[in-house]
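Structure record follows, encoded as structure tokens.
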């Protein structure tokens with residue numbers, strides 16, 4: 001029977017074993033393989049689905065299928081800044097960073113010499129349930145989160161009718177983003193504007209509707225039903241809706257669309273406004289002198305109950321979620337609560353669904369970061385009801401996935417960065433390099449048996465950074481406050497925390513020695529501007545083509561935006577920067593770090 005399972009698994013691109021992060025070989029349980037085969041509707045006679053033949057192990061990429069590479073990066077280097085857009089604080093926003101804040105920060109960063117401004121995924125979430133706030137759990141990756149609209153920049157905005165100054169002052173002053181309150185105020189004002197503008201015919205809006213087509217109408221219809229259902233306690237996601245509304249082709253849905261046509265039109269208008277404001281922000285970054293400009297982020301999947309899965313039932317696999325196998329950081333594995341797309345279905349559709357979300361996100365971007373880049377080759381599927389670590393890797397047709405990505409990259413003149421952290425298959429990074437896909441390297445993880453990898457030995461075709469939204473900040477790492485926090489919220493017990501502190505003390509000594517070799521002999525245990533500037537200068541000095549500094553580190557903050565593996569224990573995706581945009585240049589830490597980066601990577605034409 002095992003031989004039959006092995007044969008079926010191979011026919012459907014399911015790996016029976018894989019190399020774990022520590023180098024050992026992990027075997028997949030027969031129960032998990034059987035369940036994934038059931039989910040895929042595997043033919044018991046062993047007939048394989050319609051997949052490109054053969055499944056390539058890790059194909060090399062021909063030059064004509066390589067991603068765009070700007071001429072100035074042929075031998076040069078560039079740097080930029082990353083931030084969480086929701087966390088930008090300003091004197092004019094409505095309690096959450098918006099597209100106007102994005103443009104203003106980008107113009108400021110361009111003056112400092114930055115060539116790009118990177119932000120969290122902007123995908124549409126669940127407007128009817130704004131507290132589902134993770135930008136990496138989108139409802140639909142083809143559309144934008146309307147909460148980022150700058151209401152005061154919308155045509156038809158009337159401050160006397162559309163602003164509540166007292167409420168806005170409270171929202172702006174809060175330490176965390178109050179998503180429910182923000183959504184209430186923003187969407188109410190945008191509805192009023194919509195109602196006043198509804199009778200007007202706008203050729204630009206009509207052109208947008210034509211361009212985005214049926215997908216836009218389906219998304220807007222989902223949003224309208226989602227609000228209707230959430231108001232009646234059925235939930236924002238379609239899994240909890242009455243059966244007649246779960247099918248977008250049903251008569252009940254058609255009736256709703258006719259009766260609520262204005263509401264559907266409202267959600268279409270929100271997408272048009274968001275798209276125009278994002279496009280305008282991107283243009284302002286380029287006009288300010290950024291050679292790359294806006295650097296956007298693509299989530300690895302979508303929520304199982306969102307607009308994308310409701311609109312297109314056969315593209316998404318029902319009964320499994322994607323995640324990661326056990327490793328030294330997550331011994332139980334990780335389930336990300338995201339639905340995988342079907343490898344056979346995207347192949348059958350000539351990869352049009354994949355092209356669609358690449359084109360949607362690269363409409364205005366000069367660079368794209370692909371979260372979990374290994375998804376181009378394989379994803380770890382966890383069957384429903386199974387523990388997070390009891391899953392299996394399912395293969396995707398990488399050659400075609402990369403080909404489509406490269407085509408869109410070249411058409412839009414956008415460079416592509418693949419987040420290749422975690423369990424990376426042998427040969428995958430070589431395939432990335434062949435395809436002009438930049439890798440991703442983080443200071444904390446770049447170690448070998450001798451300690452931190454010297455800057456001169458970092459690879460060239462990567463984006464180098466100190467940390468990311470999923471890691472501790474530099475100040476948190478240096479002071480050990482991240483260890484204290486993980487112990488406090490139950491991620492570390494006392495023994496693990498003690499071991500981590502010993503390891504961190506050793507790593508800090510190595511980092512201080514590296515700073516001394518850089519000539520910063522005043523660097524000591526105490527975290528200060530010298531340490532912040534020195535570590536950034538150290539990583540900026542690598543030969544890596546791209547270097548990114550995150551806003552939390554530019555300001556010397558200890559709290560990180562997200563702690564993987566937590567939900568209620570930590571305010572993930574809610575923290576605001578303590579300093580408003582208008583006062584950023586008064587920060588002495590920021591000035592010291594920017595000066596150090598510019599010393600290593602001066603902006604040259």
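The values are calculated or read from the model by the stated rules, or taken from the named source; none is laboratory data. Computed from a prediction, not measured in an experiment: that's the story for all the values here. Positions of Cβ are backbone-derived with ideal geometry, glycine not excepted, and every protein chain shown enters the neighbour counts.
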Checklist outcome for this item: Scanning segment 379-392 residue by residue, the ones that are out of contact with any helix residue (DSSP H, G or I) (no Cβ under 7 Å at 6 or more places or on another chain) and either over 23 Å from residue 351 (Cβ atoms) or surrounded by fewer than 23 Cβ atoms within 10 Å (Cβ to Cβ) (or both) total 6
Next on the checklist: Anything in segment 560-587 that is free of Cβ contacts under 8 Å to residues at least 40 places away in the same chain and closer than 24 Å to residue 538 by Cβ? List them, or say none.
Outcome noted: 587
Next on the checklist: Here are the criteria: (1) within 20 Å of residue 33 (Cβ to Cβ); (2) outside any loop (DSSP other than H, G, I, E, B); (3) in contact with a helix residue (DSSP H, G or I) (Cβ under 8 Å, 6 or more places away or on another chain). Tell me which single one residue 318 does not satisfy.
Outcome noted: (2)
Next on the checklist: For the condition without any contact (Cβ under 8 Å) to a residue 60 or more places away in the chain, farther than 14 Å from residue 266 by Cα and out of contact with any helix residue (DSSP H, G or I) (no Cβ under 8 Å at 6 or more places or on another chain), what is the one hit in 233, 164?
Outcome noted: 233
Next on the checklist: I want to confirm something. Restricting to segment 302-323 and keeping residues that are more than 18 Å from residue 343 (Cα to Cα) and buried (at least 23 other Cβ atoms within 10 Å of the Cβ), which single residue is farthest from the chain's Cα centre (by Cα)?
Outcome noted: 310
Item to check | Residue count, segment 366-408 (criterion: in contact (Cβ under 8 Å) with a residue 60 or more places away in the chain and under 16 Å from the mean Cα position of the chain (by Cα)) | outcome: 9
Next on the checklist: Just checking, does segment 279-292 include any residue being within 30 Å of residue 316 (Cβ to Cβ) and assigned to a helix (DSSP H, G or I)?
Outcome noted: yes
Checklist entry - Checking residue 348 against (1) out of contact with any strand residue (DSSP E or B) (no Cβ under 7 Å at 6 or more places or on another chain); (2) within 21 Å of residue 42 (Cα to Cα); (3) buried (at least 19 other Cβ atoms within 10 Å of the Cβ), which single condition isn't satisfied? => result (3)
Checklist entry - Somewhere in segment 543-551, is a residue buried (at least 17 other Cβ atoms within 10 Å of the Cβ), part of a loop (DSSP other than H, G, I, E, B) and out of contact with any strand residue (DSSP E or B) (no Cβ under 9 Å at 6 or more places or on another chain)? => result no
Checklist entry - Just one of 187, 205, 221 is out of contact with any helix residue (DSSP H, G or I) (no Cβ under 7 Å at 6 or more places or on another chain) and crowded, with 17+ Cβ neighbours inside 10 Å; which is it? => result 187
Checklist outcome for this item: Among helices (runs of 4 or more DSSP H) entirely inside segment 148-236, those with 2 or more residues being out of contact with any strand residue (DSSP E or B) (no Cβ under 6 Å at 6 or more places or on another chain) and farther than 29 Å from residue 559 by Cα are 159-162, 179-197, 203-231
Checklist entry - When segment 3-38 is examined, which residues are found to be farther than 20 Å from residue 388 by Cβ and in contact with a strand residue (DSSP E or B) (Cβ under 7 Å, 6 or more places away or on another chain)? => result 13
Next on the checklist: It is to be established whether one or more residues within segment 136-144 are surrounded by fewer than 21 Cβ atoms within 10 Å (Cβ to Cβ), at pLDDT 95 or above and under 19 Å from residue 85 (Cα atoms).
Outcome noted: no
Next on the checklist: When the residues of segment 409-451 are narrowed to those that are in a loop (DSSP other than H, G, I, E, B) and free of Cβ contacts under 8 Å to residues at least 12 places away in the same chain, which ends up surrounded by the fewest Cβ atoms within 10 Å (Cβ to Cβ)?
Outcome noted: 449
Checklist entry - Can you tell which of 590, 557 is in contact (Cβ under 8 Å) with a residue 24 or more places away in the chain and either crowded, with 21+ Cβ neighbours inside 10 Å or out of contact with any helix residue (DSSP H, G or I) (no Cβ under 9 Å at 6 or more places or on another chain) (or both)? => result 590
Checklist entry - Among the residues of segment 512-528, is there at least one that is buried (at least 17 other Cβ atoms within 10 Å of the Cβ), within 29 Å of the chain's Cα centre (by Cα) and not in a loop (DSSP other than H, G, I, E, B)? => result no
Next on the checklist: Against the definition (farther than 22 Å from residue 480 by Cα, crowded, with 19+ Cβ neighbours inside 10 Å and in contact with a strand residue (DSSP E or B) (Cβ under 6 Å, 6 or more places away or on another chain)), how does residue 597 come out, yes or no?
Outcome noted: yes
Checklist entry - Does any residue of segment 325-332 turn out to be touching a helix residue (DSSP H, G or I) at 6+ places or on another chain (Cβ under 6 Å), buried (at least 18 other Cβ atoms within 10 Å of the Cβ) and on the phi < 0 side of the Ramachandran plot? => result no
Checklist entry - Looking only at segment 13-39, which residues are in a loop (DSSP other than H, G, I, E, B) and touching a residue at least 40 places away in the same chain (Cβ under 8 Å)? => result 13, 15, 16, 20, 21, 22, 28, 29
